[in-house]
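Below you'll find the structure, written out as structure tokens, and then a few comments.
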Amino acid sequence: MGKILTAAAAIVALLLAPLLAIAAVFIVVISPASAEEYRTTHCQGTLPGGALPATGPWRPPFQQQYVVTSSYGMRDHPILPTRRLHAGIDLAAVPAGGVVVAAAAGRVTEAGPSGEEQGNVVEIAHQGGVATRYAHLAQVDVEVGDQLHSGQPVGIEGTSGLSRGIHLHFEVYVDGTPTDPAPWMAQRGAPLNGIPVAPSPPPGEQPDPDLPGDGEGGVGFDLPEPGDPRQDSLVNPPLPVPADVQELYEGAAREYNIPWTLLAGIGMAETAHGENTAPSIAGAQGLMQFMPATFSAYGVDGDRDGSVDIHSDADSIYAAANYLAASGVHDGEQGVREALFAYNRASWYVNDVLYYAHAYGGGTVLAEPIDCPPGSGNPDLPPLGDERIRTMLQWAGSQRGKAYVLGANGPDAWDCSSLTQSALATIGITTPRTAQAQRDWLAAGNGYQVAVADAQPGDLFFYDSYLGPNTIGHVGLVWDPKTFTSIEAANPRDGVGHFSYARSLDNNIFEIWRVGSVSDIAADAP
């Protein structure tokens, strides 16, 4: 299929309700009103078993992989001769017979047989007038009155009641009214996309990660363990880190969202934290042993003295963090290994550095544990249709005035990527959680890059920010391309609102991507 060419003109009107100050957008796009939809290409998690970490108060009702077999809405009943509202979403674990878990903390209000249709049911009352219902269970493992934490098992999926196969029928009620679980859960950072999500720890057993104040994400993954082969670390034990050097490691690590111990691992492997900074046989120099040509491309003024000096410990350490970020250190566990291999092309070196890093305490890489295959997008995809763009932007505009809180998944506060993730969820599209991962998800086959001059309402823009000049750190939605107006969760000071993305056009990275006409439940893409 050839790329469907579109031309767009946007008429954007902001209607500010006196009390709510919510912006409503009206869009006229000369494009297919109802484009054919293709199945979303999902990236893979890189935690053990391919599972993502559980983040936020809400999570999917399975821990293992699952598929969506029927969505919310009007449909012909599969057994009864009637057409009516299917008031939930059907999920089937892979393999069948999966453990069903509570989607959020709450109190059990129903547990056991519940009539002919839904069979064995568990219902949980949550805060804010929300209730979730789990039907067709083969086994119920809770009792009425039980207080559950998010992710606590409630039973086993089954086929009790009127059912044609083993599955979970999952419902969400808000003030007693059923709502579509797919967008509702995605807007709370728990998309029902079939990707496994690791078990949720009981309250108090897992502290929140120490996230940077100006970043985004709220997720992370542990440094990978060292493997084999190793070389120098077999004979050279990790030495104590001098206090002044550790301070530099920690400062660079905060700026680039990596554990300081990873930089310490490199510093130990290269020069024993500055004990031997003589140029190598190949010509590498400084505490972190950069070749001059590489340093000229990635050098950073780490001590803010106005110059970038390969022999400055601060500049060398900050340059190492910058180089790791540019080499994909935030792209899951394999990304860490590939970034270290780029630093010094030897497998034993990778394992030596990881051995030293763990000896100094290990740590968490503050990024999404998602592995998107490299790609340049899919120009054969048609763009989103008018109605889906309108729905997405109207929802995003309704969030105007809400707070920016790092790691927040809504509904009362957002960071930049949770807002875009939830906006796309309103039209049945599940994306990864962080800005870099969302861009990589588009490049993996869910969209295509467009020129700034060709931007349309609903496109996503990405640019480098807190992770340094070589890594994407921010994402927002194009609202009105004629005036470079965005709708985005900007920062803790400004919160969610309309801003100008023109301020970032000259960044080292600035890209605009168009989401293709994809959906979580659709045919395969061309």
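The values are calculated or read from the model by the stated rules, or taken from the named source; none is laboratory data. In this text the structure is predicted, and so the values were computed from the model without any measurement. Glycine also receives a Cβ, built like all others from the backbone with ideal geometry; neighbour counts cover every protein chain displayed. For the accessible areas, the whole protein counts, side chains as well, though only heavy atoms, and no ligand, DNA or RNA atoms are used. Shrake-Rupley method; radii C 1.70, N 1.55, O 1.52, S 1.80 Å.
Of the listed values (i) 138; (ii) 169; (iii) 161, identify the label whose number matches volume of the Cα convex hull per residue in Å³ calculated from this model.
Computed from these coordinates, volume of the Cα convex hull per residue in Å³ corresponds to label (ii).
Set the Förster distance to 35 Å, then compute FRET efficiency between Met291 and Asp222 from the Cβ-Cβ distance, nearest 0.05.
Efficiency for this residue pair is about 0.70.
Residue by residue, what Karplus-based ³J(HN,Hα) values in Hz, rounded to whole numbers, does the stretch 492-498 have, using 6.51, -1.76 and 1.60 with θ = phi - 60° and x for Gly and Pro?
Each residue's phi maps through the Karplus curve to give x, 6, 9, x, 9, x, 9 Hz.
For the stretch 56-112, report the translational diffusion coefficient in µm²/s to the nearest whole number, using Stokes-Einstein at 25 °C, 0.890 mPa s, and a Kirkwood Rh over Cα pairs.
Rounded to a whole number, D works out at 182 µm²/s.
What ranking, highest mean first, results for peptides 402-411, 174-183, 315-324 when packing means the other Cβ atoms within 10 Å averaged over each residue?
Order by mean packing, descending: 315-324, 402-411, 174-183.
Which whole-number percent of Cα pairs in the stretch 261-391 have a distance greater than 18 Å?
Taking all Cα-Cα pairs of the stretch 261-391, the fraction more than 18 Å apart is 60 percent.
On average, how much accessible surface per residue is there in the chain, in Å², for a 1.4 Å probe, leaving out ligands, DNA and RNA?
41
Out of the total accessible area of the chain (probe 1.4 Å, heavy atoms of protein only), what percent is carbon and sulfur?
Ligands and nucleic acids excluded, carbon and sulfur reach 52 percent.
Could you list, by residue number, the cysteines of the chain that have no other cysteine's beta carbon within less than 4.7 Å of their beta carbon?
Within the chain, the cysteines lacking a partner Cβ under 4.7 Å are Cys416.
Given N residues in the stretch 329-369, what is Rg(Cα) / (2.2 N^0.38 Å)?
1.12
Give or take rounding to whole Å, what are the principal axis extents of the alpha carbon atoms in the stretch 212-335, in descending order?
Extents along the principal axes: 41, 40, 28 Å.
Once amide H atoms are built 1.01 Å from N in the peptide plane, which residues 5 or more positions from Leu192, or in another chain, come under 5 Å H to H?
Answer set, sorted by chain and number: Ala186.
How large is ³J(HN,Hα) for each residue in the stretch 122-132, as worked out from phi by the Karplus curve 6.51 cos²θ - 1.76 cosθ + 1.60 (θ = phi - 60°), to whole Hz, x for Gly and Pro?
For the stretch 122-132, the Karplus curve yields 10, 10, 10, 8, 10, 5, x, x, 9, 9, 10 Hz.
With Cβ to Cβ distances under 14 Å as the rule, what net charge do the other residues near Arg230 carry (K, R +1; D, E -1)? Let's see the in-between values first.
On the way: positive: Arg337; negative: Glu225, Asp228, Asp232, Asp352.
Here the charged neighbours net out to -3.
Rounded to the nearest 0.05, what FRET efficiency is calculated for Ser376 and Asp232 with R0 set to 30 Å and r the Cβ-Cβ distance? Mind showing how you got there, number by number?
Values: r = 38 Å, r/R0 = 1.28.
Efficiency computed from Cβ-Cβ geometry: 0.20.
Can you list the residues, at least 5 places off or on another chain, whose amide H is less than 5 Å from the amide H of Val518, using H built in the peptide plane?
Close amide H contacts, sequence-distant or interchain: Tyr38.
So, in nm, how far is label Glu247 from label Arg304 when the simple model puts each one 7 Å beyond its Cα toward the Cβ?
Taking the simple label geometry, Glu247 and Arg304 are separated by 1.4 nm.
Enumerate the amide H contacts of Ser150 below 5 Å, restricted to partners 5 or more residues apart or on another chain; note that Pro and chain-start residues carry no placed amide H.
Those qualifying (amide H under 5 Å, at least 5 residues apart or on another chain) are Ala105.
So which trypsin sites (Lys or Arg not before Pro) in the stretch 252-353 pass both tests, a DSSP loop state and at most 14 other Cβ atoms within 10 Å of the Cβ?
Of the trypsin sites (Lys or Arg not before Pro), the ones in loops of the stretch 252-353 whose Cβ has at most 14 other Cβ atoms within 10 Å are Arg304, Arg345.
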